[in-house]
Amino acid sequence: MATRPLLRVARTTQRVRLRYLSCHTAQIAIPHIRTQTFPKFYSTSTNNDDPSSKTRTIPPPPKRTPLRTALTITSVVVGIAAWIYVFTGDSSKPVERSTDNADTLSEAEKEKVLTQHERVVRISSGSDVQGTAKWKILASHFHVNAVASNDPIEDYHAESRHENGLILGIFDGHSGTECSALISQYLPHYIGASLSKLPKSLTDRTRQKAVASALKDAFLKLDADIINGGFDSSSPASSVDAQIASALRPAVAGSCAIVAYLEGSDLYVACTGDSRAVLGKRRGDGSFEAIPLSADHTIKNPVEHARMLEEHPGEAVFARGRVLGGLMPTRAFGDARYKWPAEIQNTLLSLLTRRSTPRNYQTPPYITAEPEVSHYTVNPSTDRFLILGSDGLYDELTSEECVDLLGKFMENQKLVPASSADWASSKGLEKWSYRDGNAATHLIRNALGKGDEGKIRKLLALKPPQSRKARDDMTVNVLFFGEER
């Protein structure tokens with residue numbers, strides 16, 4: 001046995017410095033972790049916000065806020081929000097469990113579960129940092145909500161401002177919460193760091209390519225740091241092995257990620273995994289068109305299927321409809337069991353999980369965190385909203401159904417002028433529920449019940465792990481373009 005350093009990251013005011021924790025491994029050389037410099041950055045929330053307020057304002061970033069203060073704000077919000085969600089929920093409104101039917105929630109219980117984490121966040125335009133109108137955010141507010149199936153929920157979300165840009169992300173974890181929780185805290189900073197390196201004088205087309213490259217770079221750098229055990233664990237450990245296990249838990253867990261970055265009229269969507277982004281565009285007759293801005297990264301996607309076969313020729317890459325028989329998404333953060341060399345797995349996996357190296361493991365890595373990045377130019381006069389959702393939403397609703405439901409929602413809420421055409425009736429939209437004022441809750445409610453409130457009461461009564469057979473965690477963020485009406 002040889003002694004090797006496990007690289008760890010500790011945050012300081014202006015940089016991330018490396019700290020070495022001596023540990024025993026079997027001739028393993030863990031790659032060097034990049035030193036990361038963060039820009040001055042303002043972040044507002046992760047999953048889930050303080051339930052005491054359902055309406056918030058996300059201001060422009062402070063011009064001279066020290067990084068240490070910004071990171072402290074983020075860390076405090078993350079810690080408090082996670083504690084509140086996991087241990088208390090919204091304790092200000094206790095609801096007693098129905099005893100009439102043990103398999104069904106009461107109406108009050110159902111509404112509590114559906115609405116306790118919903119939020120409306122208004123975007124303050126503030127001053128124009130770049131001094132030109134094109135940098136102003138062409139969005140007024142967003143609605144966000146999450147309903148758990150797992151305990152604790154494995155979905156996280158984050159919303160942040162970077163200079164004159166807006167960053168929204170949903171992170172759908174699997175095999176635990178550690179990876180998605182870490183990504184929600186750090187990915188906005190990595191994105192901000194990459195974007196801050198871009199020259200301000202780039203032409204529009206050149207900048208579009210540069211921003212897409214910066215988003216990919218941020219995803220890959222963060223994943224490399226996760227896989228290499230580069231983040232300090234906040235939990236105490238009684239032994240060196242326990243410290244190693246705690247530091248590498250985010251690497252063994254995994255997470256998909258969908259991130260939208262809005263800069264002026266330029267909308268970028270970076271997708272790793274099977275969460276989804278779809279834009280709602282209003283047609284001349286008042287109906288809505290669903291414009292997909294991401295593609296699901298699973299083996300059902302023929303492009304992804306072909307890519308993996310090309311990268312691993314002659315191998316049995318797929319089994320039981322999954323990557324090496326175990327993983328559904330073909331791209332993800334973490335999931336070191338599909339990335340680490342076999343010799344590292346043989347040494348470390350026994351410390352971290354009961355799972356072993358997948359069968360037919362020959363030429364790793366088999367999955368990547370590299371996102372596909374799309375660009376879309378927003379026209380606020382016709383482009384009305386953007387939906388970001390974890391796959392729990394799209395397991396139940398198609399992209400087209402989500403857009404139609406939100407189109408009718410906007411009409412009912414008088415967010416758009418009423419249409420003279422009877423487009424909603426022609427699509428049978430009357431059968432759905434329209435009782436919510438929060439767009440994210442509106443989608444989650446209809447994904448669960450499709451207009452049947454009794455079905456929702458039964459579905460939400462299911463407890464994990466049985467609930468996972470009927471529904472997944474659902475997290476939704478709806479961003480509205482143009483001025484708030």
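The values are calculated or read from the model by the stated rules, or taken from the named source; none is laboratory data. On a predicted model such as this, the values are computed, not experimentally measured, just so you know. Note: ideal-geometry Cβ built from the backbone for every residue, glycine included; neighbour counts use all protein chains shown. Side chains are part of the model used for accessible areas, which takes the heavy atoms of the whole protein and leaves out ligands, DNA and RNA. Shrake-Rupley method; radii C 1.70, N 1.55, O 1.52, S 1.80 Å.
Some points to look at:
- Long-range neighbours under 6 Å by Cβ, at least six apart or interchain, first residue over 18 Å from ILE367 (Cα atoms) and assigned to a helix (DSSP H, G or I) within region 330-356, second open to solvent by less than 40 Å² (accessible area, probe 1.4 Å) and at pLDDT 85 or above: LEU352/LEU248; LEU352/VAL252
- Count of residues meeting criterion [surrounded by fewer than 23 Cβ atoms within 10 Å (Cβ to Cβ), of a type in the set (S, T, N, Q) and farther than 19 Å from ALA224 by Cα] in region 244-296: 2
- Filter pass, GLY229 being at pLDDT 95 or above and closer than 25 Å to ASP155 by Cβ: no
- Selection of region 150-176 for residues being hydroxyl-bearing (Ser, Thr, Tyr) and surrounded by fewer than 24 Cβ atoms within 10 Å (Cβ to Cβ) yields only SER175.
- Verdict on LEU220 being in a helix (DSSP H, G or I), out of contact with any Phe, Trp or Tyr (no Cβ under 9 Å at 6 or more places or on another chain) and surrounded by 24 or more Cβ atoms within 10 Å (Cβ to Cβ): no
- Test: residue in region 291-298 that is closer than 30 Å to PHE142 by Cα, acidic (Asp, Glu) and out of contact with any Gly (no Cβ under 6 Å at 6 or more places or on another chain): yes
- Just one of (1) touching a helix residue (DSSP H, G or I) at 6+ places or on another chain (Cβ under 6 Å); (2) hydroxyl-bearing (Ser, Thr, Tyr); (3) modelled with pLDDT under 95; (4) outside any loop (DSSP other than H, G, I, E, B) fails for SER255. It is (3).
- Considering residues of region 461-485 that are open to solvent by 10 Å² or more (accessible area, probe 1.4 Å) and part of a helix (DSSP H, G or I) only, the residue modelled with the highest pLDDT: ALA461
- Filtered residue count, region 431-460, keeping only those that are of a type in the set (Ser, Thr, Tyr), free of Cβ contacts under 8 Å to residues at least 60 places away in the same chain and either farther than 30 Å from ALA260 by Cα or not in a loop (DSSP other than H, G, I, E, B) (or both): 0
- Single unsatisfied condition, TYR186 versus (1) without any contact (Cβ under 8 Å) to a residue 60 or more places away in the chain; (2) more than 30 Å from VAL113 (Cβ to Cβ): (2)
- Count of region 362-378 residues which are open to solvent by 30 Å² or more (accessible area, probe 1.4 Å), in a loop (DSSP other than H, G, I, E, B) and within 16 Å of PHE318 (Cα to Cα): 4
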